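The values are calculated or read from the model by the stated rules, or taken from the named source; none is laboratory data. Note that the coordinates shown come from a computational prediction; the quantities given were computed from them, not determined experimentally. Cβ placement follows ideal geometry from the backbone for every residue including glycine, while neighbour counts extend to all protein chains displayed. Only protein heavy atoms, including side chains, enter the accessible area calculation; ligands, DNA and RNA are left aside. Shrake-Rupley method; radii C 1.70, N 1.55, O 1.52, S 1.80 Å.
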Amino acid sequence: MPPESPARPPHVLEAVLERLTYVNEETGYTVARVAHKSSTDLLTVVGSLLGAQPGESLRLSGWWSSHPQYGRQFEVVSYTTVLPATIQGLRRYLGSGLVKGIGPVFAERIVDHFGLDTLEIIETAPERLVEVAGLGPKRTKKITAAWAEQKAIKEVMVFLQGVGVSTSIAVRIYKKYGDASISVVKNSPYKLAADVWGIGFKTADTIAQAVGIPHDSPERVKAGLQYTLSQATDNGHCFLPAPELMADAATILDVPGSLIPTCLDELVEEEGVVREDDDVYLVPFHRAEQSLSSTLIRLLHDKADRMPHFADVDWARALAWLRQRTSNSLAPEQEQAVRLALTSKVAVLTGGPGCGKSFTVRSIVELAAAKQAKIQLVAPTGRAAKRLAELTGHPAATVHRLLKLQPGGDATFDRDNPLDADLVVVDEASMLDLILANKLVKAIPPGAHLLLVGDVDQLPSVGAGEVLRDLLAAEVIPRVRLTQIFRQAAESGVVTNAHRVNKGRPPVFDGMRDFFLFPCDDTEATAGLTVDVACTRIPRKFGLDPRRDVQILTPMHRGPAGAGALNTLLQQQLTPARDGLPERRVGGRVFRVGDKVTQIRNNYDKGVAGVFNGTVGVVTGLSPEEQTLSVRTDEDELIDYDFDELDELAHAYAITIHRSQGSEYPAVVIPLTTSAWMMLQRNLLYTAITRAKRLVVLVGSRRALAAAVRTVGAGRRHTALARRLGS
């Protein structure tokens, strides 16, 4: 039976949200069960309910329909929250974690004491809450403040829902602008895209149209140009050529191309963008590229030398001492790299797996330490820094911690306050994006030696730029590329097949004890097999822990075998729901204690020195009463998140290959399906394979594997660093 005609006025259904059965995070489509006073059974409602939490009383607007499989259900067009009017409703509402400081126990005590007057007491006479056993002045004050904020947010939400904004975004807007929220939304909606994380141009544009800003207004066109550049930087470009920018913006904005050149000129005059010849940059990326190139040249040619001992060292004697110290000899390429790093102020060391980069770095550090040099080891991620410290026996830090980034992203150490270091070694340098590389290089003191180490054939950085590739393309920067694969490494299937894939040759499986393929052509079946391999087969055969030691790396986030869907399946296996254990739903995700999670944005205000995109950790605590979730990161730091910050976290049982850069895992499982066709590229597969220390298992289609090996990665990014360095 089709839904009732939308031409008729919608029905209104008032009910209490009992549970969310299904939530699609990408579309907002939700299947939920609600309690209604007219029925002893729970009713099914479907539609967009993003932001609604179990325990809330809702006023739902929509139509009844009959689904051939699921029966009668209410199709929601819109909803608002309403305050409960029954004792049971009040207990459920206050105990659901909606009001910070009140959990199920205190909710029951408060409602038992004040009855139906509970909400009026909280609203008008909150000082009376101390009448409830266990509620002292401190907790009462917290409840009063949380209630006031909740009320203010609800008012903003009512307005924003009218212009198509979800609850979670409404909360973020309120946190940014407070009482000015509605005014900003009405008068400067495009400001939201610049100021509020999670709001892009498209959301701001939807709001702008709802509040009456014309489709062809200059304000909209200029915001669209900046958005187009922002999208380009998200895709790795530092700039766009002006014709490409204008063509892309015209398509995105759906306006005549003739409107765009004038608006671009105005944007340049307003210093919203920088135009250099025909290249158009967002301001921070132009500054960073100019600064990075000039600083590298200055460091390279600086007359001071903080390690002068190596200018005239007896290398035969030094290398003999090193051989005795490490019980190993350096190959000629490695010797060249050691000499270069200790005599040149800036140098690059690159090479694939099994070619001895690690031993070369250890040798450089050993010789520098023998001369009492101040050594600073650094890597872009916590895992990479930990590995570097284990390799060399010297402390290592992430770039962010080394520079002591402050709220807002400014570094404590910079050109005016440089690091006290004679030698700075940066591992996993392929991960360095333009902005981070510039911050780091500015903090290198004059005369110090900077060595960047990385595999240039891996994926470029997640952020804009391809710094390592550009440095290798610039003839002025000294470099060594290690090419010899050592015998012990050559016996590894992981190393052998990484090099085969990098050369465009298919991996071999026969006789390999650490490299396997489980063929499967159906995408959904591949997802199920991937979970079985990670959670059951690998632990049973190799004794590895599925949560700690096994990492699924997938080409895509979306799709049946993408990171999103796989995380749902893996969570069901590894941290399933259990009665009595708290959990928190955010959009389509549910967080539970024990979940493996990753940070998906830079947040400079959290932790000792910020928490950064790609940081991985485990959920160790979850308090519905305090509305907080705690994560122990892989840098052994405990980070607390308020519930309204949980959209900064994603599950990390499965992650995209891009997110795995700089990390290493005992075992890696890689699903390959033809549904990920656009992402199947050689450097993607190569990067995934090189993340494994002991074991690689490919799961999926032989055709998809062949496509990944055959397909050279997408074209070069728009960067000008190599040119600025004088290549």
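Taking the alpha-carbon distance from K374 and a cut-off under 29 Å, which lysines remain once sequence neighbours fewer than 8 residues away in the same chain are dropped?
K303, K345, K357, K386, K404, K439, K442
With r as the distance between the Cβ atoms of K374 and R325 and R0 = 30 Å, compute the FRET efficiency 1/(1 + (r/R0)^6) and round to 0.05.
Here the calculated transfer efficiency is 0.90.
Tell me the angle of helix 315-326 to the major Cα principal axis of the chain, expressed in degrees between 0 and 90 and rounded to the nearest ten.
50
When DSSP assigns beta bridges and you keep just the ones with both residues in the chain, what percent turn out antiparallel, to the nearest 5?
60
Relative to the first principal axis of the alpha-carbon coordinates of the chain, what is the inclination of helix 493-502, with its axis defined by its Cα atoms, in degrees from 0 to 90 and to the nearest 10?
Approximately 90 degrees, to the nearest 10.
Would you kindly find the accessible area of W63, with a 1.4 Å probe and non-protein molecules such as ligands, DNA and RNA excluded, rounding to the nearest 10 Å²?
40
Per residue, what volume in Å³ does the convex hull of the Cα atoms of the range 9-77 enclose?
Cα convex hull per residue, to the nearest whole number: 92 Å³.
Where the centre of each part is set by its Cα atoms, how far does the range 196-227 sit from the range 653-674, in angstrom?
Measuring centre to centre over Cα atoms gives 36 Å.
Taking all protein chains in place and a 1.4 Å probe, what share, in percent, of the accessible surface of the chain do carbon and sulfur account for?
Roughly 50 percent, rounded to a whole number.
Compute the Cα gyration tensor for the range 669-727, then decide on rounded, prolate or oblate, letting a ≥ b ≥ c be the square roots of its eigenvalues: rounded whenever a/c is under 1.5, prolate when a/b is larger than b/c in the other cases, and oblate in all that remain.
The shape class here is oblate.
Quick one: Karplus J couplings for the range 228-240, per residue in order, coefficients 6.51, -1.76, 1.60, θ = phi - 60°, nearest Hz, x for Gly and Pro?
4, 5, 4, 4, 5, 5, 4, 8, x, 7, 8, 8, 10
Just reorder T536, T233 by solvent-accessible area, largest first, 1.4 Å probe, all chains present.
T536, T233
Take Q572 and V593, extend 7 Å from each Cα along the Cα→Cβ direction, and tell me the distance between the two endpoints in nm.
Once both label points are built, they end up 2.5 nm from each other.
Heads up, I need the accessible area for M246: 1.4 angstrom probe, whole protein in place, Å², nearest 10.
Accessible surface of M246 is approximately 50 Å².
So how far, in whole Å, is the C-alpha centre of the range 415-469 from the one of the range 608-634?
28
With a cut-off of 8 Å between alpha carbons and a minimum separation of six or more residues, what is the relative contact order of the chain in percent?
11
Between A706 and D41, what FRET efficiency follows from the Cβ-Cβ distance if R0 is 60 Å, with the result rounded to 0.05?
0.70
The range 142-156 to the range 694-712: how many Å between their Cα centroids?
Using only Cα atoms, the two centres lie 52 Å from each other.
For an R0 of 25 angstrom, estimate the FRET efficiency from the Cβ-Cβ distance between E475 and D420 and round to the nearest 0.05.
Taking R0 as 25 Å, the efficiency between E475 and D420 is 0.20.
Compute the orientation-averaged projected area for the chain from the convex hull of its Cα atoms and round it to one decimal in nm².
Spelled out: convex hull of the Cα atoms, projected over all directions, averaged, 36.0 nm².
Cross-link list K191/K606; K541/K693; K191/K222; K100/K176; K222/K606: which exceed 22 angstrom alpha carbon to alpha carbon?
Beyond 22 Å: K191/K606; K222/K606.
With every protein chain left in place and a probe of 1.4 Å, what is the accessible surface of Y29, to the nearest 10 Å²?
Result for Y29: roughly 100 Å² accessible.
Please arrange R323, R220, R469, R558 by accessible surface area, largest first, computed with a 1.4 Å probe and ligands excluded.
R558, R323, R469, R220
Quick one: helix 137-161 against the long Cα principal axis of the chain, what's the angle to the nearest 10°, folded into 0 to 90?
For helix 137-161, the angle is close to 90 degrees.
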